[in-house]
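The block underneath contains the structure these notes are about, expressed in structure tokens.
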Amino acid sequence: MFDLKKHIKATCLDDAIALLIENPNARLIAGGTDVLIKLRHGKKGYSELIDINGLEELRFIKQDKQNNILIGSGTVFSDIIQSDIIKKHIPMLSDAAQSVGGPQIRNVATIGGNICNGVTSADSASSLFSLNAVLVVKTQGAIREIPISDFYLGPGKVDLKKGEILTTIIIRPDDYMGSFGYYYKYAMRNAMDIATIGCAVCLKVKHHILADFRIAYGVAGPVPIRCLKTEKSVTNKKITLKLLDDISRFVAHDVSPRTSWRATKEFRMNIICELSKRATKKALNRAGEGL
Amino acid sequence: MAVGKSVNRMDAVAKVTGRAEYTQDLYKPDMLVARYFRSTIAHGKVTLINVEKAKNLKGVEAVFTYEDVPENKFATAGHPFSLDPGHKDVEDRLLLSQDIRFMGDEIAIVVAHDEIIANKALKLIHVSYKEYKPLTFPEDILKKDARQIHKGSSNIVGEHEYAFGDDIKEAFKKADVVVQGKFKTAMVQHCHLENHISYAYMDDLDRIVIVSSTQIPHIVRRLVSEALNMPLNRIRILKPFVGGGFGNKQDMVLEPMVAFLTLKLDGRPVQINLSREECMLGTRNRHPFFIDVKTGIKKDGTIVARQMDAISITGAYASHGHAIISAGGSKQSSLYPHVATQFHARTLYANIPVAGAMRAYGSPQILYAVECATEDAARKIGMDSVEFRLKNIARQGDMNLLSGKRILSCGLTECLVKGKKFINWDSKVKEYKKYKTGPVRRGLGVACFSYASGTYPVCVEVAGVRIVLNQDGTVHVMVGATEIGQGSDTVVAQMVAQTLCLPYEHVMVVQAQDTDVSPFDTGAYASRQAYVVSNAVFKAASDLKDKILGHAGLMTQRQRKDLDIHNAKIIDVYTNENVMDMKTLAVDSFYHKERGGQLTSEISHKTTTNAPVFGCTFVDIEVDIPLCKIKINQIINVHDSGVILNPVQAGGQVHGGVFMGMGAALLEEMMIDTKTGRVYNNNLLDYKFPTFVDLPQIHHDFVETKEPTSGYGNKSLGEPPVITPPPAIRNAVLDATGVCINALPLSPHHLFTSFKKGGILDSKGDADV
Ligand SMILES: Cc1cc2nc3c(=O)[nH]c(=O)nc-3n(C[C@H](O)[C@H](O)[C@H](O)COP(=O)(O)OP(=O)(O)OC[C@H]3O[C@@H](n4cnc5c(N)ncnc54)[C@H](O)[C@@H]3O)c2cc1C
């Protein structure tokens, strides 16, 4: 039983924005796979809901004239897995989508909800970090574009102001064309589990040289993070097994996992270092670069 | 011949179409809901409680605290009554408690119009505690000055010792080598699909009706009458469809509380429907054990002596108490009957959630230690693990020295041979020598078990069956044996069909149970039902057959002995002539104005035997050392459970058990902060019950012996499949990595610690991972 005070179904995006402004205590519900859990646990601030579930305006995956890939915030993970555009250009996002929950969850959980929920373990987040995704946020009479790395303010906190809705996720051609990526989710279970560590690698290869290298982690800190120092140190280096070892040593300095009853810091660090190698290797394989 | 065929389950269609009615489906429109107010500390006493605000909340009907409940302490374990006063279950529980013994202990209860109001009311209750240091480790619990969790108990619920075979000291002297090990098992949860749920109402001024998801309707009836001090005949238990129990419903949990509440509230219906979180925290779980094992062996591979000292932690209340470790400890005498054995065990209270019965009742813990120790012994003398077991295990005709009974059927050797062949043991042993270095390694493991078919002679084993002939020549069967999802109704129908020579479809077993009308039986536990009910069914069906043929004789002026039933027809045994069909006979027996009547048979039968069952697990695994993960490539369980009554159902039972065993081996544990007694993971996100994609395809096979003490040659199968996957997997990890890990589960966290200690975490190599 849910202690629901108010539930209003928005008819379109603008209606949803208007409703959010009219009901300052209300919160958006898309797939509800985070919201309803919190409501069930009696968490404050979840009993008034503006429902954007199923708004066609927010559910799309397309490529514009400039070759930007645009993903609507209301796109569910099953859409992403089935999308030809994603399969062709950003298979790592398929990896991430495929790793979420189970089939029932993937059929209703949205990528927008995943990001806006603000948790470090969100499976789409680390991939989008490594893809330099840009988020489009809309309110009455205003639109903002925010790089995803600036969007996360702290655990469960994202840069959304009252009356703002995330509408689109943009991935620029520079960040995906000629790039090869891999998302490695490490969890206790292969389904229905939250990542112990998530590792996303996106790279470009030129003549056996690592021309571009982007690596991001979930659960390696309070919010998803990029390992910028590591990226800098290994870019333009020749691809060797030693380089993989270097990466795995370097990332340790870019992350800050913590001990909780779910896993110790030492354990997480061990996985972080190991995943950097494995995800990089898989991305290199996709780039046709054997080792 | 219905026995041995994979007929469809009786309830298959009802279940897959969602028509089967479970307790929650039998909702009463004006039903009140009750929710517990639970302690937030693990050890202490409530010094003050204020429920006024909660009582005054709109929609709240009543709030009761420990001050309002009877002072009568009661036992909850789902055991039959024992005539021996020395064998009584520990009476240590009250309906609500001022003394706090675990985090989640029940202090008060709110009754409201709905769950939301009840939850709000719970937040309005205020308590103050006097706190004591939680006792969670055996060393702390057993300290001389440790606080007594239950006054007068010294924190010990039970203790016993036994020995069989040669004098243990002399036996160890014969050993060439002695191997020792300390083993630890985890607290795990049953995770039955349907949480605990019960409701009660009064259908008259003085009778309480309790509808409950229980494995033991008749036992619960008695236990409620004891807890509330009410005459037994004023309590009626109804058991609808049950969504699994695995032992957690072989205990009285919610029933006395809903009965108490309806009594207090003028007979209005009151329901308690536990959430998953509460169910995992506040019902029962598997006792964690600490086990020291010493094994003496000769160089030729004979185990000569074994000594075990085991501690079982029952948590805050006794529940099944010392019975668990006693039962678990007793299976060695049928598994390794030639080994001189000494066993000492204690069960302790602790400030952690309450342990009770769980699938295989102590054996998964004890046999885990036994089979790890056996593996260590085989390796110590460099003998093949399967050869070593074949040299020492039980065979048909062996004497079980503990029970004093001969083992009349035993196919364990054949089980080991089958399993070994399936897994391709010999060639893989050679092949996997290549995979003992580097980051990803491979290994093989084996473990075997013995288990019982019921509880005799520790408890009474009684089964009741009633069969009635319907007007159309089909039969209805009522049994006290309790269907909880395991398929017992189906095999009962098969047995009846077999003996009455009717098609399976002509036999209907009444699913729902009602203690007002269902024959007496103690319920679903101890893998007892199909075995214990078999002789009762055989007798009742044979008796009804006699009556049917007698009536046919009356109708046709023939001798009873000249007639038989064949495929729902009365035939002449000499000519095979079709004399009449069952319907004609039934109509006559019901409606002929002078002869016959409703043909029925009712039998209550006590079983005074207990057939041991046997089996083994073989497993082939891969260990990814840097990622601290185990991948099971192949697993098979091979069972000797006597005659297999229904191969598909039996296979399902094995698969479910192996699945559960793998979960306990690889992932599952209730995590408790030993300082505060707080349970961290009482939910299915953080308690890592495996999903389908985590585990491999499960294989199974049977070695069909024929058990002479059973009505249809069958022996137990319900619990045993869960026992050996954990030790087999542990032994395979040892084979793969050389690291001996003597605690469960083998989760990534624990593998990380062990591999680090073992110095293999940084294993380099170029295996493609
Ligand atoms: C069983 C189960 C398994 C799960 N497994 C995983 C997993 O493996 N990996 C993983 O990452 N997550 C997992 N989750 C969490 C959850 O499914 C995801 O985070 C999901 O993407 C959330 O999307 P939603 O549409 O359901 O969000 P909702 O619950 O509807 O919303 C989540 C939050 O985002 C806000 N929001 C939603 N849409 C917008 C928008 N357009 N603009 C602004 N704010 C918005 C809401 O107000 C809310 O605060 C699991 C959840 C469950 C219940």
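The values are calculated or read from the model by the stated rules, or taken from the named source; none is laboratory data. Owing to the predicted nature of the structure, the values given are computational and were not obtained by experimental measurement. Positions of Cβ are generated from backbone atoms using ideal geometry, with glycine treated the same way; all protein chains shown enter the neighbour counts. Areas reflect the complete protein model, heavy atoms only, side chains present, ligands, DNA and RNA absent. Shrake-Rupley method; radii C 1.70, N 1.55, O 1.52, S 1.80 Å.
Return yes or no: is B:E669 of a type in the set (D, E) and open to solvent by 20 Å² or more (accessible area, probe 1.4 Å)?
Criteria met by B:E669.
Have a look at A:I215, A:I194, A:I209 and point out the one that is more than 16 Å from the ligand (Cβ to nearest atom) and more than 19 Å from A:I90 (Cα to Cα).
A:I209
Okay, residues lined up against (1) buried (at least 19 other Cβ atoms within 10 Å of the Cβ); (2) within 14 Å of chain A (Cβ to nearest Cβ); (3) part of a loop (DSSP other than H, G, I, E, B):
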position	(1), (2), (3)
B:T575	no, no, yes
B:M580	no, no, no
B:G596	yes, no, yes
B:F614	yes, no, no
B:F618	yes, no, no
B:P626	yes, yes, yes
B:K631	no, yes, no
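Could you list, in sequence order, the residues of the stretch B:671-684 that are more than 7 Å from chain A (Cβ to nearest Cβ) and under 24 Å from the mean Cα position of the chain (by Cα)?
B:I672, B:V679, B:N681, B:N682, B:N683, B:L684
Yes/no matrix, rows are residues, columns are (1) of a type in the set (D, E); (2) more than 12 Å from chain B (Cβ to nearest Cβ); (3) touching a residue at least 12 places away in the same chain (Cβ under 8 Å):
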position	(1), (2), (3)
A:P224	no, yes, yes
A:K232	no, yes, no
A:T240	no, yes, yes
A:F250	no, yes, yes
A:N270	no, no, no
A:A283	no, yes, yes
A:E289	yes, yes, yes
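Quick check, is A:T11 part of a loop (DSSP other than H, G, I, E, B) and away from chain B (no Cβ under 14 Å)?
yes
Going residue by residue through the stretch B:753-765, is there one that turns out to be more than 14 Å from chain A (Cβ to nearest Cβ) and crowded, with 21+ Cβ neighbours inside 10 Å?
Within the stretch B:753-765, none of the residues are more than 14 Å from chain A (Cβ to nearest Cβ) and crowded, with 21+ Cβ neighbours inside 10 Å.
Consider only pairs whose beta carbons are under 9 Å apart and that are at least six residues apart or on different chains; among these, list those whose first residue lies in the stretch B:588-606 and is more than 19 Å from B:I570 (Cα to Cα) and whose second residue is of a type in the set (S, T, Y).
B:K606/B:Y456
Could you please let me know if A:S256 is surrounded by fewer than 18 Cβ atoms within 10 Å (Cβ to Cβ), under 23 Å from the mean Cα position of the chain (by Cα), under 22 Å from A:N117 (Cβ atoms) and within 14 Å of another protein chain (Cβ to nearest Cβ)?
Answer is no for this residue.
If you take the residues of the stretch A:119-129 that are out of contact with any helix residue (DSSP H, G or I) (no Cβ under 7 Å at 6 or more places or on another chain) and near the ligand (Cβ under 9 Å from one of its atoms), which of them is farthest from A:I215 (Cα to Cα)?
Of everything passing the filter in the stretch A:119-129, A:V119 is farthest from A:I215 (Cα to Cα).
Look through the stretch A:130-152, keep the residues that are touching a residue at least 40 places away in the same chain (Cβ under 8 Å) and open to solvent by 10 Å² or more (accessible area, probe 1.4 Å), and return whichever of them is farthest from the ligand (Cβ to nearest atom).
Going through the qualifying residues, I end up with A:N132.
For the stretch B:195-229, name all the residues that are touching an Asp or Glu at 6+ places or on another chain (Cβ under 7 Å) and closer than 18 Å to B:G267 by Cα.
Across the stretch B:195-229, the qualifying residues are B:S198, B:V209, B:I210, B:S212, B:V224.
Quick one: is B:V619 closer than 30 Å to B:G480 by Cα and assigned by TED's automatic domain parsing to the domain that holds B:K420?
no
Residues of the stretch A:77-118 being within 14 Å of chain B (Cβ to nearest Cβ), within 9 Å of the ligand (Cβ to nearest atom) and open to solvent by 30 Å² or more (accessible area, probe 1.4 Å), which ones?
Selection gives A:Q104, A:I105, A:R106.
Can you find a residue in the stretch B:731-741 that is under 25 Å from the mean Cα position of the chain (by Cα) and under 26 Å from B:G245 (Cα atoms)?
no
Among B:G443, B:G454, B:G464, B:G480, which is the only one that is over 23 Å from the mean Cα position of the chain (by Cα) and of a type in the set (G, A, S)?
So the residue among B:G443, B:G454, B:G464, B:G480 that is over 23 Å from the mean Cα position of the chain (by Cα) and of a type in the set (G, A, S) is B:G443.
Within the stretch A:169-185, is there a residue that is modelled with pLDDT of 95 or more, crowded, with 17+ Cβ neighbours inside 10 Å and within 28 Å of A:L19 (Cβ to Cβ)?
Within the stretch A:169-185 (the criterion being modelled with pLDDT of 95 or more, crowded, with 17+ Cβ neighbours inside 10 Å and within 28 Å of A:L19 (Cβ to Cβ)), the answer is yes, since at least one residue qualifies.
Within the stretch A:199-213, is there a residue that is surrounded by 20 or more Cβ atoms within 10 Å (Cβ to Cβ) and within 13 Å of another protein chain (Cβ to nearest Cβ)?
Within the stretch A:199-213, one or more residues are surrounded by 20 or more Cβ atoms within 10 Å (Cβ to Cβ) and within 13 Å of another protein chain (Cβ to nearest Cβ).
Among the strands (runs of 3 or more DSSP E) confined wholly to the stretch A:16-76, which include 1 or more residues that are more than 9 Å from the ligand (Cβ to nearest atom)?
Per the criteria, A:48-51, A:61-63, A:69-72.
Only one of A:L166, A:L160 is within 9 Å of the ligand (Cβ to nearest atom) and either assigned to a loop (DSSP other than H, G, I, E, B) or among the charged types (D, E, K, R) (or both); which?
Criteria check complete, one pass: A:L160.
Would you list the helices (runs of 4 or more DSSP H) that sit entirely within the stretch B:222-339 and hold 3 or more residues that are open to solvent by less than 10 Å² (accessible area, probe 1.4 Å) and farther than 30 Å from B:L205 by Cα?
Answer list for the stretch B:222-339: B:276-282, B:323-329, B:332-335.
Collect the residues in the stretch B:75-88 that are part of a loop (DSSP other than H, G, I, E, B) and either surrounded by 21 or more Cβ atoms within 10 Å (Cβ to Cβ) or at positive phi (or both), keeping them in residue-number order.
B:A75, B:T76, B:G78, B:H79
Residue by residue through the stretch B:685-711, note down the ones that are of a type in the set (V, I, T) and at the interface with chain A (Cβ under 9 Å from one of its Cβ atoms).
Scanning the stretch B:685-711 gives B:T691, B:V693.
Looking for something touching a residue at least 24 places away in the same chain (Cβ under 8 Å), within 25 Å of B:F692 (Cβ to Cβ) and of a type outside the set (S, T, N, Q) - is there at least one such residue anywhere in the stretch A:62-70?
For the stretch A:62-70, residues touching a residue at least 24 places away in the same chain (Cβ under 8 Å), within 25 Å of B:F692 (Cβ to Cβ) and of a type outside the set (S, T, N, Q): absent.
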